[in-house]
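The structure under discussion appears below in the form of C-alpha cells.
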Amino acid sequence: MDNSKQDVDVFKWAHEHRDEIAWMSQNTNHIAPSNIINDAIEEGIKKKIYQWYPYSKGLFGLNELILDDLHLKEQRSLLTSGGTEALYITIRALLGSGDEVIASDPSYFIIHKFIRLSGAIPVEIPIYKDPWKIPVDEINERITSKTKMILLIDPLNPLGTGYSKEEVKAIAEIARDKKLYVLNDITYRDFSDEHHLAASYYPEGTITIYSVSKNCGLAGMRIGSLVSTPELMNTIAKYNTNDLSVNIIGQIATYKALQTKSQWFPEVKKITRTNQLKIKNMLENFEDIFLPVYPSQANMFIIDVSKTKLDTEAIQGKLLFEHKVFVRAGNYVSAKYGKNFIRVSFSVPEEHAERFINAFPNVINDLKNM
Ligand SMILES: Cc1ncc(COP(=O)(O)O)c(C=O)c1O
C-alpha cells in the first residue's frame, strides 16, 4: 500500500469514492429493489409530507407491519432511529450501575459501549472457537447475583453464526428461571435458514431489536424498532427520545419495503448465498486462510487470516485503495481476536462480489511478498 494512505480515514475515503466502491464492509444491502421504494418516497416528497411532524406513534400501520413480520401481534413496537437507538433506549431503561450482561467477544461492540455507558458491565464470553457462538452451558456458569440481561445477537455479527431452536429455547428458559432480560438483536434474521425468536418462548422478559437497514436495504433511512410486551414497553418507552417520532421519509420507505418484502427478499437471499459460496470457493485455494462459519446465517462472515501473519488493516487498506473493494478489518468487532480476521459482507451485486474474489488473492500475495 502507498505509505501516504496509512493515516487516511477509510470511511471518509470510501464515502468520497462511494460510486466506485464495492461496499462489503458494513453488511448493508445493495441488491434490494430500489424502484418500488423510490416510488413510495417520491410520492411522499410530492405531498411535502416532510413539512409535518409525523404522528408521534408513527405512520399508520407501520408498527403493525413490523409485528406481523415477527409474528408477535400481541406485542408492542416502538419506532426508533435504527436498531441502534432501539438498543440504546432499551439499555438506558433497563440497566444500571453494577449490573452485568452476558455477552460475547466477538460481538457488535456498540451495544457493549451502551451497556458501559449505563454503568453496567458486559461479561464477554470468548467465542472465537467452535461453535463460534455462546454455548448455553457457559451462560449458566457466568450468571452471578448481578446478572440482569443476556445479549443474544442472532444471527451474530460478525461471525454469521445462528442459534438453533433448542438453544434459543434453553437461553429463554435460563432467563426466565433467573429473572433476566433477553436483549434479542435479530437484525440479520431474514438471511438465515431458520430463525427462532426468544420472544416466542419468553415474551415477558424479551426485548426484540428490529432493523430494516440490512434486510430491506434501508441503512441510510435509519429506521428500526424495539418490540416487547405492553408491560415492558411501559418501562422502556419512558426513555424514548423520539417524542416527535422518527424520519417520515424513512417510515414511508420502510412501510413499502415491508409490505412487499415477501415478493423480493427470496431473490436478495439467493444472490447473497451465491456470493457467499463463490467467495468460499475462492478461499479454498489458500491453505493458510479459513472460514470459521459457513454457511453464514447472515449477510456477512469472517475470513480468518491469522496463519498468514498479515496485518488485517493492511489487507483492508490494499483492497480499498488499490481495488476499491471495501471490507472491514476485524478489530472493530473483537477486542481480543480482531487481528485474526477480516469481515466481508455479500449482499452486493454479483459483479461486486466478483471484484472481491479477483482482488483478494492478489492482495494476499502482494502482502506476502512485501
Ligand atoms: C447486530 C447489529 N445490531 C444493530 C445494528 C444497527 O442497525 P441499524 O442500522 O438499524 O441501527 C447492526 C449494524 O450493523 C448490527 O450488526
- Task: Check 275, 281, 285 and return the single one that is within 30 Å of residue 309 (Cβ to Cβ), among the polar types (S, T, N, Q), in a helix (DSSP H, G or I) and touching a residue at least 12 places away in the same chain (Cβ under 8 Å).
- Result: 275
- Query: For the subset of region 64-80 comprising residues that are within 17 Å of residue 215 (Cβ to Cβ) and of a type outside the set (A, V, I, L, M), which member is nearest to the ligand (Cβ to nearest atom)?
  - Reply: 80
- Task: Find all pairs meeting these conditions: Cβ atoms under 8 angstrom apart; at least six residues apart or on different chains; first residue within region 210-229 and at negative phi and among the basic types (Lys, Arg); second residue more than 9 Å from the ligand (Cβ to nearest atom) and part of a loop (DSSP other than H, G, I, E, B).
- Result: 214/29; 214/299; 214/347
- Query: How many of the residues making up region 134-154 are within 19 Å of residue 338 (Cβ to Cβ) and either modelled with pLDDT under 95 or within 13 Å of the ligand (Cβ to nearest atom) (or both)?
  - Reply: 2
- Note on the structure: Expected single match for outside any loop (DSSP other than H, G, I, E, B) and surrounded by fewer than 18 Cβ atoms within 10 Å (Cβ to Cβ) among 295, 266 is 266
- Message: Any residue at all in region 48-61 that's among the β-branched types (Val, Ile, Thr), more than 16 Å from the ligand (Cβ to nearest atom), over 30 Å from residue 353 (Cα atoms) and surrounded by 13 or more Cβ atoms within 10 Å (Cβ to Cβ)?
- Response: yes
- Item | Among the candidates 113, 133, residue that is buried (at least 17 other Cβ atoms within 10 Å of the Cβ), in the same structural domain as residue 193 (by TED's automatic domain parsing) and basic (Lys, Arg) | 133
- Members of region 33-77 that are within 18 Å of residue 233 (Cα to Cα) and small (Gly, Ala, Ser): 56, 58, 77
- Listed by first then second residue, the pairs whose first member lies in region 91-110 and is under 14 Å from residue 154 (Cα atoms) and of a type in the set (Phe, Trp, Tyr), whose partner is outside any loop (DSSP other than H, G, I, E, B) and at pLDDT 95 or above, with beta carbons under 8 Å and at least 6 positions apart or on separate chains, are 108/153; 108/185
- Can you name the residue in region 69-91 that is out of contact with any Pro (no Cβ under 8 Å at 6 or more places or on another chain) and either part of a loop (DSSP other than H, G, I, E, B) or at pLDDT below 95 (or both) and, of all such residues, is surrounded by the most Cβ atoms within 10 Å (Cβ to Cβ)? 81
- Filter result (crowded, with 17+ Cβ neighbours inside 10 Å, under 22 Å from residue 114 (Cβ atoms) and more than 11 Å from the ligand (Cβ to nearest atom)) within region 164-191: 171, 175, 180, 181, 182
- Query: For region 18-36, what are the residues that are among the hydrophobic types (A, V, I, L, M, F, W, C) and either at pLDDT 95 or above or surrounded by fewer than 18 Cβ atoms within 10 Å (Cβ to Cβ) (or both)?
  - Reply: 21, 22, 23, 24, 31, 36
- Conditions (1) more than 21 Å from residue 213 (Cβ to Cβ); (2) buried (at least 24 other Cβ atoms within 10 Å of the Cβ): number failed by residue 155: (1)
- Query: Is it the case that some residue within region 111-124 is farther than 22 Å from residue 88 by Cα and within 16 Å of the ligand (Cβ to nearest atom)?
  - Reply: no
- Message: Looking at region 208-216, can you tell me whether even one residue there is away from the ligand (no atom under 16 Å from the Cβ) and not hydroxyl-bearing (Ser, Thr, Tyr)?
- Response: no
- Note on the structure: Within region 4-17, residues being basic (Lys, Arg), without any contact (Cβ under 8 Å) to a residue 40 or more places away in the chain and surrounded by 12 or more Cβ atoms within 10 Å (Cβ to Cβ) number 0
- Query: Do we have residue 100 as acidic (Asp, Glu), out of contact with any Phe, Trp or Tyr (no Cβ under 7 Å at 6 or more places or on another chain), within 16 Å of the ligand (Cβ to nearest atom) and outside the structural domain of residue 304 (by TED's automatic domain parsing) here?
  - Reply: no
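The values are calculated or read from the model by the stated rules, or taken from the named source; none is laboratory data. These figures come from a predicted structure and were not determined experimentally. No Cβ is skipped: glycine too gets one built from the backbone with ideal geometry, and neighbour counts run over all protein chains shown.
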